[in-house]
Amino acid sequence: MSTNPELEAQIDQWRGYVQRRRAISASDVEEMEDHLREQVTDLTGTGLDDDEAFLVSVKRMGNLDEVSREFAREHSDRLWKQLVLVPEPSDGGARSWRELGVVLALALGAGAAVKLGVELFADEMVVVRNIGLLVLPFLAGYFAWKRKLTWRVGAALLVPFAVLAVVLNVYPFDPDGSTLFLAASHSLVALWALVSVVYAGGRWRSDARRMDYVRFTGELAIYFVLIALGGGVLIGLTLGTLGLVGVDFEPVLESWILPFCVPGALIVAAWLVEAKQNVVENIAPVLTRVFTPLTIVMLLVFLGVFATTGGLLHVDRELLILMDAVLVLVLCLLLYSISARDSLAPPGLFDVLQLVLVVAALAVDAVTLSAMLTRIAEFGFSANKVAALGLNLVLLVHLAWSAWLTVGFLRGARPFAPIERWQTRYLPAYAVWALIVVVIFPPVFAFA
Amino acid sequence: MHIDKDLVAASATPLVLGILADGESYGYAIVKRVNELSGGRMQWTDGMLYPLLHRLERLGYVEASWGTSEAGRRRKHYAITPAGRETLADRQQQWSVVADALKQVWQDVQRPPVVVEGWA
């Protein structure tokens, strides 16, 4: 090993340059530094002096921009942290102002759409039922603009959008029936799947883009909640202050501020996630680390209670819906830690914890599901029960196969990549199920 | 000799897998081996090898483990997996088809084209 201080200083400087590339992780730098040092040693062995050897070695390592781009392409999870691989050209400022303009216009548009809906339809339920159809096109519009979506893909997306709009508004729903509620809530999932196609710039088959969309969804939820909290504080202060001076702020709040700000906040949050990904990039994975052990405790308590009370006496569909919520929570914990995990890292304690989490969730679900099936056999089907049951099965398949793959990974039988792939490949199942509930359920259950 | 970038990229995976099929190795040694094999005529951009190795690792063709070099530095070693051997065999077949076809093309090029009369 060289002990030349000058060479050491040069290598230090080189390491500093490489470390600044966020697509190249610390262990990659270490690997490349080992390479560089050995190259230098070999070259000095052939008669070059340290300076020359260092220059040749660095040259052979290649253009750092290109190498870093190659790393980013391979580790798209790191790419996520670094939107631009090469520094923006000098017109970057003008572009970001234009982007801000587009975002604000779309946010206003989304608000105006909701406001128009409220004004046009006397029945509030009509607006609630169509909220996704009113707001999400603006979100899709932002990504269509951002990703320069082709007209063909855009036109192809309009067809399912129109189908959803027609089904939600033309089907003769019983206003108090459960199929209306089911169709409205599941239409949001179907619409969210349509947005994913726009988000992926039409490349919805790509596993990496799907994983990006999963990350985007999580970060969007976090940003939206943060904005909502801030907005809530402002509204509270305004209400209090104006109340003291005797001005009734509530009508303005209800008829103008909420219809505009809530949908607008969604668009702005999406823009923030896109533009400022690295500000809270680590929130979702940190949250999963905190909540995975806690959720395991919760699930074990459930199992303990089920066992000591001697089974489930009063099972009804609320329990099944609760179980669906538990499985969705477990799935989110799983998805977000997988999306943030370095797929090359060897199996660790956290992977074991995750397996325990999934297995515990499956156990709790198996207990309630068996109880629920006997109930259904006794009292027959209803739209709500079938919808809850169907979602439960879709989730069950997802989690059970994840658990199976994780067992293989922990035993060293297969790499991590299949687990990741399974998550992204399975996602369309949710869109298909949502579509079934929206389109097929109402006629089957007589719109009740 | 300058070899076209696409050709280097296309041959990189079978070269790396083939070198690793001889026994586990690490980045710098792989580059050196490629130099030896090509008599110094194939120059890789050394840095590009690492993203490639990581991709092969993600696909499960190679396994990596951290060891220590003679100088006491941490060094990442790569070894081929059964899946990697399968891929290597597969690539070998593909390349021999390409090489056979090219060989015939080279022979045809050297011979003067046969002029078929009556078709002009």
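Do we have residue B:7 as farther than 24 Å from residue A:54 by Cα and loosely packed, with under 15 Cβ neighbours inside 10 Å here?
Taking the combined requirement at face value, the residue satisfies it.
May I ask you to list the residues in region B:49-64 that are more than 9 Å from every other protein chain (Cβ to nearest Cβ) and either in a strand (DSSP E or B) or of a type in the set (Asp, Glu) (or both)?
B:62 - this is the single residue of region B:49-64 that is more than 9 Å from every other protein chain (Cβ to nearest Cβ) and either in a strand (DSSP E or B) or of a type in the set (Asp, Glu) (or both).
Within region B:68-102, how many residues are in a strand (DSSP E or B) and either at the interface with chain A (Cβ under 8 Å from one of its Cβ atoms) or touching a residue at least 24 places away in the same chain (Cβ under 8 Å) (or both)?
The number of residues fulfilling the criteria is 7.
Test residue B:79 against the stated conditions and say whether it is touching a helix residue (DSSP H, G or I) at 6+ places or on another chain (Cβ under 7 Å), small (Gly, Ala, Ser) and crowded, with 16+ Cβ neighbours inside 10 Å.
No: the conditions fail for residue B:79.
Among the numbered criteria (1) among the hydrophobic types (A, V, I, L, M, F, W, C); (2) at pLDDT 90 or above; (3) at positive phi, which one does residue A:429 miss?
Only one criterion in (1) among the hydrophobic types (A, V, I, L, M, F, W, C); (2) at pLDDT 90 or above; (3) at positive phi is unmet by residue A:429, namely (3).
Is it the case that some residue within region A:257-265 is out of contact with any helix residue (DSSP H, G or I) (no Cβ under 7 Å at 6 or more places or on another chain), exposed (fewer than 15 other Cβ atoms within 10 Å of the Cβ) and part of a helix (DSSP H, G or I)?
Among the residues of region A:257-265, not one is out of contact with any helix residue (DSSP H, G or I) (no Cβ under 7 Å at 6 or more places or on another chain), exposed (fewer than 15 other Cβ atoms within 10 Å of the Cβ) and part of a helix (DSSP H, G or I), which makes the answer no.
Of everything in region A:399-419, what is part of a helix (DSSP H, G or I), within 12 Å of another protein chain (Cβ to nearest Cβ) and either over 20 Å from the mean Cα position of the chain (by Cα) or aromatic (Phe, Trp, Tyr) (or both)? Give them in sequence order.
A:408, A:409
Check residue B:67 against each of (1) out of contact with any Phe, Trp or Tyr (no Cβ under 6 Å at 6 or more places or on another chain); (2) surrounded by 14 or more Cβ atoms within 10 Å (Cβ to Cβ) and name the one condition it does not meet.
Condition not satisfied by residue B:67: (2).
If you go through region A:3-29, how many residues are surrounded by fewer than 17 Cβ atoms within 10 Å (Cβ to Cβ) and facing chain B (nearest Cβ under 9 Å)?
Selection size over region A:3-29: 1.
Does residue A:414 meet the test of being of a type in the set (Lys, Arg) and either modelled with pLDDT of 90 or more or in contact with an Asp or Glu (Cβ under 9 Å, 6 or more places away or on another chain) (or both)?
no
Just a yes or no: is a residue in region B:25-48 among the acidic types (Asp, Glu) and more than 9 Å from chain A (Cβ to nearest Cβ)?
There is at least one residue in region B:25-48 that is among the acidic types (Asp, Glu) and more than 9 Å from chain A (Cβ to nearest Cβ).
The values are calculated or read from the model by the stated rules, or taken from the named source; none is laboratory data. Predicted model only: the values in this text are computed from it and were never measured. So basically every Cβ, Gly included, is an ideal-geometry build from the backbone, and we count neighbours across all protein chains shown.
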